[in-house]
1. Name the single residue, out of those in the range A:165-177 being open to solvent by 10 Å² or more (accessible area, probe 1.4 Å) and touching a strand residue (DSSP E or B) at 6+ places or on another chain (Cβ under 7 Å), that is farthest from A:GLU111 (Cα to Cα).
2. Starting from residues that are open to solvent by 10 Å² or more (accessible area, probe 1.4 Å) and in a helix (DSSP H, G or I), keep the ones in the range B:179-195 and report whichever is nearest to the other protein chains (Cβ to nearest Cβ).
3. State the number of residues belonging to the range A:261-274 that are in contact (Cβ under 8 Å) with a residue 12 or more places away in the chain and out of contact with any strand residue (DSSP E or B) (no Cβ under 8 Å at 6 or more places or on another chain).
4. For the range A:249-266, does any single residue satisfy the condition of being open to solvent by 40 Å² or more (accessible area, probe 1.4 Å), among the β-branched types (Val, Ile, Thr), at pLDDT below 95 and assigned to a helix (DSSP H, G or I)?
5. Identify the single condition in (1) over 20 Å from the mean Cα position of the chain (by Cα); (2) open to solvent by less than 10 Å² (accessible area, probe 1.4 Å) that A:LYS162 does not satisfy, given that it satisfies every other one.
6. Restricting attention to the range A:79-107, which residues are in contact (Cβ under 8 Å) with a residue 40 or more places away in the chain, more than 15 Å from the chain's Cα centre (by Cα) and in a loop (DSSP other than H, G, I, E, B)?
7. May I ask you to list the residues in the range A:181-224 that are more than 7 Å from every other protein chain (Cβ to nearest Cβ) and under 17 Å from A:GLY140 (Cβ atoms)?
Amino acid sequence: MTLNSVLVVGAGTMGRGIAQWFAQQSVKVQLLDSNEATVKTAIDSINASWDKLQAKGKFSEAETNKFKESLSACNWENIKPDTDLVIEAIIENLEIKNDVFNKLDGICNSETVFASNTSSIPISSLAKSLPLERRERFLGLHFFNPAPIMKLVEVIKGHWSKEELISDFTTWFTEHKKEVAICNDSPGFIVNRVARNFYGESLRVVNHYDTEKMKEVDNVLKKCGGFRMGPFELMDLIGIDINYSVTESVWNSFYNEPRFAPHQLQKKMVDSGRLGKKTNGGFYDYE
Amino acid sequence: MEVSMTTNRNFLVLATRNHPLYDTLKGLDVEFYDLESHAPFEEKWSHYRECDLVLDFTVISPDKKLELLKHLNIQFDFPIVSDLTTYWGELFIEKVSGLRGAVSFNFPSPTNCYEYYAIDERTKDGLEDFFKMLNVEGLRVDCPGIGFTYPRVISMIINEAYFALEDRLARPKDIDTAMKFGVNYPLGPFEWAKKIGHKNILCLLEELYKVTGDPRYRPSQKLRLEANLI
């Protein structure tokens, strides 16, 4: 399989990262967002990141120039219909995503593969309203933040995804130095499901708002478990509200399975507005 | 494990063969008792006049463990420290007055650093010298709880990986890859389970389930299967 061109829909954190990584693989990337100013900001920020990496000696000037030439902004009027792949990385809302895919289905050629970077919506729910031919060329490609650095791509098989499509993308990503984990279409896929108890169990060990105990748990899991960050500092970094919302979503999808149940401390933190680093305070203080 | 063989302290070490450090402990400069070849409740240890710590590394059922610790408590005036990785350590500490500390060596650590609990400084100092002999790092914690923290958290992560396998979410190698490269875990859950031992993980989950009554600790059938295959 050859990938010459990619359309990335959504210029938020994930969309930017995905666009940057594909451009670094000599793939022509178009970046689209409902807000044109966001696309411009995203491209400026990606270009600045390449300049920094060039200054650090990670890329040559020629490489950086080539990457910049590969990346362009687009709007709904100038999408290239013959793009090889579309990756959607917009807000986690089924209705909005479905609208985007239906619109794109009317623009793109029948050969274009559709993919979603969703972390919580079933791939088959996103594909179901599209024609069969497109559904067979629809899969999940779940990147991890920051996408240019994190090696993993979860390649998710939707109900209609052709086996050949999954194996082609697995080969392509592997050839481009990504680590691929193939999985079926199930809530949270692999990482967001299996990692839930890194947080959930740690919350139960602590049980109450107790900074000393949280520090101890973070320290133990880093020093004895070899984890790069402790659960409480990581929740503060991700945003306690975001982490709580993923937990709730997985818990609901598994019909309130106790293994995924949120902890009341998470809810208390969200209700109090202490959401982590972004609010200068979460489980720890940052002021 | 590379160990430093000598110490100025006297340690009496009791272990069963199913403990992951059994061979290492046996090779140390300590009084070593294999509790599978010595009947633990008939053994008289009263000839030990000088001993800094009695260290128990048996991996037996919770009832038997408590019985053993109570027996050691009668036999010795020296502080006792027990490996309580898969037990309700907090309860054992409350019930056995001579039990002055707990360690968590039954769950191998990828960094060779282990949580321990010590009630007093004498026990702490003795344990730190013992860790030096073993060439491991100890991390003192406030309470052993049920299965300390690292064993408890990693058991739940591994259990979920087995549930995912039951649900045919992905192959073990894909799950391992996902956790190592998606969230930088030092090991994939299946690789980790192999190092720790499925039986140990099952024991801890069963203890958590028994103590808390919370169904979140229900072990996966696949994990149970693996634990019973060996």
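1. That would be A:THR174.
2. B:PHE181
3. Residues flagged as in contact (Cβ under 8 Å) with a residue 12 or more places away in the chain and out of contact with any strand residue (DSSP E or B) (no Cβ under 8 Å at 6 or more places or on another chain) within the range A:261-274 amount to 9.
4. no
5. (2)
6. Passing the criteria: A:ILE79, A:LYS80, A:ASP82, A:THR83, A:ASP84.
7. A:ASP185, A:PRO187, A:GLY188, A:PHE189, A:ASN192
Yes/no matrix, rows are residues, columns are (1) under 17 Å from the mean Cα position of the chain (by Cα); (2) within 20 Å of B:PHE181 (Cα to Cα); (3) aliphatic (A, V, I, L, M):
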position	(1), (2), (3)
A:SER125	no, no, no
A:SER129	no, no, no
A:ALA147	yes, yes, yes
A:LYS151	yes, yes, no
A:THR170	no, yes, no
A:LYS177	no, yes, no
A:ILE182	yes, yes, yes
A:GLU201	no, no, no
A:VAL205	no, no, yes
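The values are calculated or read from the model by the stated rules, or taken from the named source; none is laboratory data. Computed from a predicted model, the values in this text were never measured in an experiment. Positions of Cβ are backbone-derived with ideal geometry, glycine not excepted, and every protein chain shown enters the neighbour counts. In case anyone asks, the SASA skips ligands and DNA or RNA and just uses the protein heavy atoms, side chains included. Shrake-Rupley method; radii C 1.70, N 1.55, O 1.52, S 1.80 Å.
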